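Accompanying notes for the structure given below.
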Amino acid sequence: MATESPFVDQEYFDRHARAQALMERDGLDALVVSEKNNYWYFSGLISYQLDHIQRPQICILPKSGKPLLLVYGNDKAKAKALPWVGEVRAYTDVPFPQEMIAASIKEIGLGESKLGFELGDDQRLGIPVNYLSGLTEALPKAQIKDGSAALNEMRVIKSPREIEFMRKACEISVKAYDRCLPKLKPGMTRRQVADCLYIAMIEEGAHPRHPGFLMLNSSTRYDDRVYNKGDRMIADFGACYEGYYGDITRMAIFGTPTEEHKRDHETACDVIDLCFASMKVGTPLAEVSRVANRELLKRGYEAVDSPKRIGHGLGMSRAEPPSLNEVETEIYRPGMVLALEPKVRSAKSAVHLEEDVLITDKGQEFLTTGCRRLDVIN
């Protein structure tokens, strides 16, 4: 049976090797992941069950060797066909037999081991929390540890293939906006605008099952509110391609832009450019908020309150570590992809624009362009 993963086999072998080195660093004997994206990241198993909370999918990756997968029965054949996966154990249906977790861990020799779970601030379990207490009772000599340090480190640095998918997601996002824009006119509802953008993302190559996300003027309530002449439309959205996101924000004016519209827009673009110039390998991420605030205050706008962020990591989630704020401890490293979105606020308005940035060993690179264009919708 052919695998459905968009990655070559070596991608998963490399991920497992990196994770195993991090386990050694962190004193862990295995990682046990169940959150949708973490599971997908390590298993490569594309499954409808990833969105089914009653049918958990679990990957147990030991410090040496291939991972063991716990899967819903219908996925067993697909899972066993994955060359980077070791043992596969399947359950029949709901209710999930939670004792299966402890039995599997014990049977592969990890019953007295240090097990890393998704317990940190930037992680989430894909199983009920009471499963952990059950596991503690079933394996009294095992130690339940936080595996977040290794998981975050894995996900924050993208591989060349991941970056390739993210370039495509960014390209789809930009093209979708350009495809949608000529179809907009004053008097349209937010629902009509949302429909137009989602359809455009699919037409440009996003997957129809999950094309991406969209906020219009800071809201996902796509209702019958109308855009009238003089209104700003701020579209914060991004296409999803092969499970990886782009994330851009664009501003358009219905009717004729005012001088205030033009000034706010120009300021947002200028701040993005200044921030981009500061995003150098080895520099603390925390500095970018200070760069933005200095320029905003100089131009008479409000500073961004700490620890409010002006950007974030991007990847399999549309927002993931690290954060672009003054309390972030990370430095810029090659392989990071970051959404840069400094807010421009005054007593009368609040706008922001957003571009995606790739950090490379040769410098920083915009993955998206076009926010400097202030579009007019007539």
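The values are calculated or read from the model by the stated rules, or taken from the named source; none is laboratory data. From a predicted model like this one, the values you see are computed outputs, not experimental measurements. Here Cβ is always computed from backbone atoms with ideal geometry, including for glycine, and neighbour counts include all displayed protein chains.
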Using the structure shown, decide if Ile60 is surrounded by 15 or more Cβ atoms within 10 Å (Cβ to Cβ) and either touching a Pro at 6+ places or on another chain (Cβ under 7 Å) or on the phi > 0 side of the Ramachandran plot (or both).
yes
Residue check: is Leu45 under 24 Å from the mean Cα position of the chain (by Cα) and outside any helix (DSSP H, G or I)?
yes
Would you point out the residue of segment 359-378, among those that are among the acidic types (Asp, Glu) and part of a strand (DSSP E or B), that is modelled with the highest pLDDT?
Glu365
So Asn378 passes all but one of these: (1) over 30 Å from Leu151 (Cα atoms); (2) buried (at least 22 other Cβ atoms within 10 Å of the Cβ); (3) polar (S, T, N, Q). Which condition number does it fail?
(2)
Regarding segment 284-293, can at least one residue be identified that is in a loop (DSSP other than H, G, I, E, B), surrounded by 23 or more Cβ atoms within 10 Å (Cβ to Cβ) and either in contact with a Lys or Arg (Cβ under 7 Å, 6 or more places away or on another chain) or not assigned by TED's automatic domain parsing to the domain that holds Arg190 (or both)?
no
Selection over segment 85-114 where residues are crowded, with 16+ Cβ neighbours inside 10 Å and either farther than 25 Å from Lys145 by Cα or acidic (Asp, Glu) (or both) yields a count of 3
Restricting attention to segment 234-269, and to residues there that are of a type in the set (D, E, K, R) and out of contact with any Phe, Trp or Tyr (no Cβ under 9 Å at 6 or more places or on another chain), which single residue is surrounded by the fewest Cβ atoms within 10 Å (Cβ to Cβ)?
Glu259
Of the conditions (1) crowded, with 16+ Cβ neighbours inside 10 Å; (2) in contact (Cβ under 8 Å) with a residue 40 or more places away in the chain, Gln54 fails just one. Which one is it?
(1)
Checking the conditions here, which among Ala235, Ala239, Ala206, Ala252 is in a loop (DSSP other than H, G, I, E, B) and under 19 Å from Glu355 (Cα atoms)?
Ala206
Residues that are within 30 Å of Glu330 (Cβ to Cβ) and either basic (Lys, Arg) or in a strand (DSSP E or B) (or both): does segment 78-96 have at least one?
no
